[in-house]
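Only the coordinates and a few stated rules stand behind these numbers; no lab work does. In this text the structure is predicted, and so the values were computed from the model without any measurement. Positions of Cβ are backbone-derived with ideal geometry, glycine not excepted, and every protein chain shown enters the neighbour counts.
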Amino acid sequence: MVMDKIIFFNTLFGFFTVTAWIISTGILYLYITKKTFNKFITDQFLYFATSVATFSAVGSIIYSEVVGFIPCKFCWYQRYLMYPIALILILSLFKKDLYKFGFISLGGLFVSLYHIYLQNGGGGGGSCAVDIPCNLKYVDIFGFISIPVMGATGFLTIFISLLYYDYARRQNIE
């Protein structure tokens, strides 16, 4: 039964991760080419960033509380950043200027990248907790998607979505 949960959630979150890479690439293309849309479509990028942050926060809770994975120190650091981002972006749906605080997702990306580095043998792996080493891979999808990779994807997707939203919003005002 536990193995079924692990397979289900790994497949689901692995799919979300790959999908986020594809969508982020498209959003980055829109940003680089300076393509903008009307206000209704532009707002969808804020909704998307909010969805990613919320699903990332809920996903971390599912992995620890439903599946039973014990978070290490760097997983907690990523949570400390993702949870407020999710809350701030939800609030920004009502007060639009709050979305700018979501740019702290860039800090979360760097924490995730460092955790990926540790998880793959950099810095000797270290010990994040008494029983949880930093290089432990609870999840290993396609040989490279792990929980820190999922976190990095979430933070990067949020950052790119907000970057484009900010640009397009300013273009619509001018």
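The radius of gyration of the Cα set in the stretch 11-64, together with its Dmax, comes out at 13.3, 40 angstrom.
Placing a pseudo-label 7 Å from each Cα along the Cα-to-Cβ vector at Lys73 and Leu113 gives an inter-label distance of 2.1 nm.
Once both labels are positioned 7 Å from their Cα atoms along Cα-to-Cβ, the gap between Tyr83 and Ile7 label points is 3.3 nm. Among (i) 10, 37, 33, 15, 5, 0; (ii) 8, 21, 13, 8, 7, 7, 9, 10, 9, 5, 1; (iii) 9, 33, 25, 20, 11, 2, find the value of P(r) over Cα pairs in 10 Å bins from 0, in percent that was calculated from the structure presented, and write down its label. Read-out from the structure maps to (i). Extending 7 Å from Cα along the Cβ direction at Leu106 and again at Glu65 yields two label points whose distance is 3.2 nm.
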